[in-house]
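J.: Questions regarding the structure given below will be posed in turn.
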Amino acid sequence: MPHAEQLVPMLVLLAAIGAFAGVIAGLLGVGGGIILVPAFFYAFSALGYGGPDLMQVCLATSLATIIVTSTRSVLAHNRKGAVDWAILRGWAPGIAVGAVFGVLAVAQLRTPALQAIFGTLALVVAFYLGLGRSHWRIGPSMPVGAVRAALSPLVGFLSVLMGIGGGSFGVPLMSLYAVPIHRAVATAAGFGVVIAVPSVAGFLMQSVEGAPPYTVGAVNLPAFAVIIAMTLITTPWGVKLAHAMDPAPLKRVFAIFLAIVALNMLRKAAGW
């Protein structure tokens, strides 16, 4: 049983992480997972928890929080009629299959490999956040048939490898296929639920080494509870800030921040 001197610093760090993730999510519309995964890793490492499976804990715990946050988000968007259920129904089966394969892949990978994957994919996301343009298009409507069959599992697979929901890949994908941004954001929240539910079910059945206290499977319960509580408080603050200022310059600043985090992950993966 861990002592209070072990749990209290962990809970304080997690509360600060959750507060920051909530504000950024509300301000920039960026899913919290892309912040939570590296933040969990640095926090748990600083507190002395490590081992070859630490990144699995970070990914799984981030995805567990996404079940709650994405469900709340998609329900709220649906009340405004913003969710494109035709896209969600068509893409959900492939995304879920990709998520399951993502869990199987993560189970075979150790922390350095997962850090390298996260860092590489986070650089791609940072590039799009910083340099992407709303008028970029690769098609007039969301693809069906063979293209959808190929892309939908890829969205689920890559999202699990990063421990994120549907926003970071789903929103750019839908935007590139001419889905209006508010519908893309709303529908991507549904992607997040489809990604997180099967993946967390799989992660709960895993066993990891060197995990922080109160970790069930690969999901750390204190981190899950504190992050959910803090994001419920601070996400509305970020939304208010977004309405009070132009978030576009801040999105570019966040893209630079994310690129630095990604490069640092790659540095650690290389053992430097």
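Taken together, the values in this text are just the output of simple stated rules run on the coordinates, not laboratory data. Computed from a prediction, not measured in an experiment: that's the story for all the values here. In this analysis, Cβ positions are derived from the backbone assuming ideal geometry, glycine residues included, and neighbour counts consider all displayed protein chains.
J.: Compute the long axis of helix 247-269 from its Cα atoms, compare it with the longest principal axis of the Cα atoms of the chain, and write down the angle in degrees, 0 to 90, nearest 10.
T.: Here the helix axis deviates by roughly 50 degrees.
J.: Specify which labelled value, from (i) 1.18; (ii) 0.99; (iii) 0.95, agrees with Rg/Rh (Cα atoms, Kirkwood Rh) derived from the coordinates of the model shown.
T.: (iii)
J.: Related question: Can you sort 272, 85 so the residue with the fewest Cβ neighbours within 10 Å comes first?
T.: On the way: 272 7, 85 11.
By the 10 Å Cβ count, ascending: 272, 85.
J.: Right, here's the next one. What trypsin sites (Lys or Arg not before Pro) does the range 20-122 have in DSSP loop regions with at most 12 other beta carbons within 10 Å? Could you put the intermediate results ahead of the total?
T.: Details: sites: 72, 79, 80, 89, 110; in loops: 80, 110.
Those that pass, being in a loop and sparsely packed, are 80.
J.: Give a quick list of chymotrypsin sites (Phe, Trp or Tyr not before Pro) in the range 127-211 that DSSP marks as loop, anything other than H, G, I, E or B, with at most 14 other Cβ atoms within 10 Å.
T.: Passing sites in the range 127-211 are 136.
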